[in-house]
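Have a look at the structure below, then the notes.
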Amino acid sequence: MPSLTRQFTLSPDTYTAIATGVAQCRIAPIGVGAFRLHVGSALPAPGTPDHVAARIEPLCLTGLGRSDIVYARAETEPVVIAVLTGSGGALELAGYDALDDMLKVKSVQKKMRDSFTRPLADLWQVTAADGASSTIAGGTLTIASGTTAGAVVELLLKDSFTIPFRAMAGVVNTRHANNHQILEAVSVDALRGLPDGKHCFGIDIGGAASTTATLMRYFSQNGGLTPLESATVTILTTASASILEIEPFSDEAYVHSRALDATSGRANSYVRHQQIPDPSALYKLRLRSLNHAAWKAVTGAVAGTGGVIRLTVTAHGFSTGNLVWVEYLNGVTNAGAEPRGNFTVTVIDANQIDLQGTVFGGSYVAGSGRVALAAAPTAVSLQMSFINCQDYAELTAEITAGRGQIVEGQAIAARTVAGSVVTATAVGPVAHDGARGSTAPVIVAARAVTAAYASVASGDVADLITTVQGVQVVRPWQISELEWSSAAAAGGITNTSDVVLGAAAGGGLRRFVTALQLKNAGTVATEVVLKDGSTVIWRGHLAASMTLSESHQFADPLRTTANTALNVACITTGAQVYVNAQGFIAP
């Protein structure tokens, strides 16, 4: 069996021997970051090609020899790992946690919260320029824009997450048309932990998106193309504290707005299905403040005069010497690096600009890139009281409790379409002859009626029915109150006039005939007809001088049209016919 040797904290300064002379070695993730790995009999000189980079993730090395030594060194910052070693047996155990030496199924894989009570650099990599700043005081992060055109603040979280995840922040801000304030998740290179410009999802509550405190824009990006940005959408005001959320899934991505410290649900929710970020990528949260005007799309990039980067930006409106922010320019490099940041431009024409001091390389990917003109705002700020994030696995599970026994007080909460929370509590059982409470047991009931309830539409659900004392009505046709019967008149029918068996039943209602008993006591035989008003719906023949009645049961009941009388008549005068009939009334 494999055994846990111990935990290691890797330093960026030097290699550490983490295992020696084993057939297998498994490195289990504890921290976030990247490290360098080398396996051999001796440690090579730094910088040689056999240094192998690996991201912190479950990593299994097999086929090691007794003379092999496994060395590791942190890439940029200290990383904590656990090492599991052994001489036989498979070490790739799905769900195995090396720290606790057990198999685990976790729905929340990684979680982070910053209430801004510690130094900012503990959790964030901070970049600020040209008078913009980020500070913490009294449990509040304040990102201040300053008043310099082109000033930028960026905070990149050190922790990384995988989709699906949810990030939530409590925010308050002031706005100006020349400032973006962005909360986003950006994909990062798995080895370096730095944004790769390929995928993102986020929101912009800066004045460049909208100067109205109850509006924002949200955006999504996939494959390095220009982020697909929404029109302005309504949120709760950010002039006072409120919560904003971003929640990407593998098939759709949501943004939400809700009140802070309130039991009410989300007030505004929006979804994106187009161009959502890649669910297989690794993501970090990024907070940004940029002193720039609204975004303009790039539609082309080539080498300009002197080999600089020349961008096509339709009707850009820029002037030579302007400072312009450039980002998400996919496929193009500036002297081998990503062309991202502020650049001074030379205007070529109304639709083309050159980025001064750049060196064009690569090949532009159509549909990528955006720019924004550096512009000076009045001093505005974005304040956060907290931010948290957790990624999780979507699980399918059977919900059970009490080891198969129903336990009072257990409940499952469900959210209705309207947004209110409904709690359904199933409690029981109750002993035979026990008192019935308000919640136990669950009551199954029917509708007590003495008259027909209004008919439902075809295909709709209809209630079962009982008497007013709860006796379930199970009859072939109708409740007893809507059954009818007609007795023969004394002396029988002796002429050919219509005799009413049942008057018209009322609007929308018909008379149905289920049974009929007939006897002719006269010396003359006759035909007998039942009529729907004046229309014959049944015809029979009765012999003369019958000694016994004949009976007819209708498996498919005869029926009248709606609100029409049911009549009977003899065809021959001189007969003496007795007619009894039974049936029901229904639509």
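The values are calculated or read from the model by the stated rules, or taken from the named source; none is laboratory data. Computed from a predicted model, the values in this text were never measured in an experiment. As a convention, Cβ positions derive from the backbone with ideal geometry for all residues, glycine included, and neighbour counts pool all protein chains shown. The accessibility values were calculated without ligands, DNA or RNA, using every heavy atom of the protein model including side chains. Shrake-Rupley method; radii C 1.70, N 1.55, O 1.52, S 1.80 Å.
The table for this structure:
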item	result
Verdict on THR378 being out of contact with any strand residue (DSSP E or B) (no Cβ under 9 Å at 6 or more places or on another chain) and β-branched (Val, Ile, Thr)	yes
Every residue from segment 468-488 that is open to solvent by less than 70 Å² (accessible area, probe 1.4 Å) and not in a loop (DSSP other than H, G, I, E, B)	SER480, LEU482, TRP484, SER486
Failed item, numbered, when SER220 is tested on (1) buried (at least 18 other Cβ atoms within 10 Å of the Cβ); (2) out of contact with any Phe, Trp or Tyr (no Cβ under 6 Å at 6 or more places or on another chain)	(2)
Enumerated strands (runs of 3 or more DSSP E) restricted to segment 256-355, each holding at least 1 residues that are under 27 Å from SER145 (Cα atoms)	282-290, 323-327, 341-349, 352-355
The listed residue being open to solvent by less than 40 Å² (accessible area, probe 1.4 Å), among the hydrophobic types (A, V, I, L, M, F, W, C) and either more than 31 Å from the chain's Cα centre (by Cα) or over 30 Å from SER250 (Cβ atoms) (or both), out of ILE182, ILE203, ILE143, ILE136	ILE143
Segment 532-562 - residue that is touching a Lys or Arg at 6+ places or on another chain (Cβ under 8 Å) and in a loop (DSSP other than H, G, I, E, B) and, of those, nearest to ASP498 (Cα to Cα)	THR560
Of residues in segment 287-303 being of a type in the set (Val, Ile, Thr) and touching a Lys or Arg at 6+ places or on another chain (Cβ under 9 Å), the one least open to solvent (accessible area, probe 1.4 Å)	VAL298
Selection count where residues are β-branched (Val, Ile, Thr) and under 30 Å from ALA241 (Cα atoms), scope segment 342-384	2
Qualifying residue in segment 235-257 (condition: surrounded by fewer than 21 Cβ atoms within 10 Å (Cβ to Cβ) and β-branched (Val, Ile, Thr))	yes
Whichever residue in segment 159-177 is under 14 Å from SER289 (Cα atoms) and assigned to a strand (DSSP E or B) and, among such residues, is most open to solvent (accessible area, probe 1.4 Å)	VAL172
Residue pairs meeting the criteria (Cβ under 9 Å; at least 6 apart or on separate chains; first touching a residue at least 24 places away in the same chain (Cβ under 8 Å) and closer than 15 Å to GLY139 by Cβ, in segment 110-127; second exposed (fewer than 14 other Cβ atoms within 10 Å of the Cβ) and polar (S, T, N, Q))	LEU120/THR135
Flag if LEU155 is open to solvent by 20 Å² or more (accessible area, probe 1.4 Å), closer than 23 Å to ALA253 by Cα and more than 27 Å from the chain's Cα centre (by Cα)	no
Any hit, segment 105-115, residues being of a type outside the set (Ser, Thr, Tyr), assigned to a loop (DSSP other than H, G, I, E, B) and at pLDDT below 90	yes
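Matching residues to (1) assigned to a strand (DSSP E or B); (2) open to solvent by less than 40 Å² (accessible area, probe 1.4 Å); (3) modelled with pLDDT of 60 or more:
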| residue | (1), (2), (3) |
| --- | --- |
| GLN7 | yes, no, yes |
| ASP13 | no, no, yes |
| ALA17 | yes, no, yes |
| VAL22 | no, yes, yes |
| LEU37 | yes, yes, yes |
| PRO44 | no, yes, yes |
| ALA54 | yes, yes, no |
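Residues checked against (1) hydrophobic (A, V, I, L, M, F, W, C); (2) touching a Pro at 6+ places or on another chain (Cβ under 8 Å); (3) open to solvent by 60 Å² or more (accessible area, probe 1.4 Å):
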residue: VAL271; (1), (2), (3): yes, no, no
residue: LEU285; (1), (2), (3): yes, no, no
residue: THR305; (1), (2), (3): no, no, yes
residue: ARG310; (1), (2), (3): no, no, no
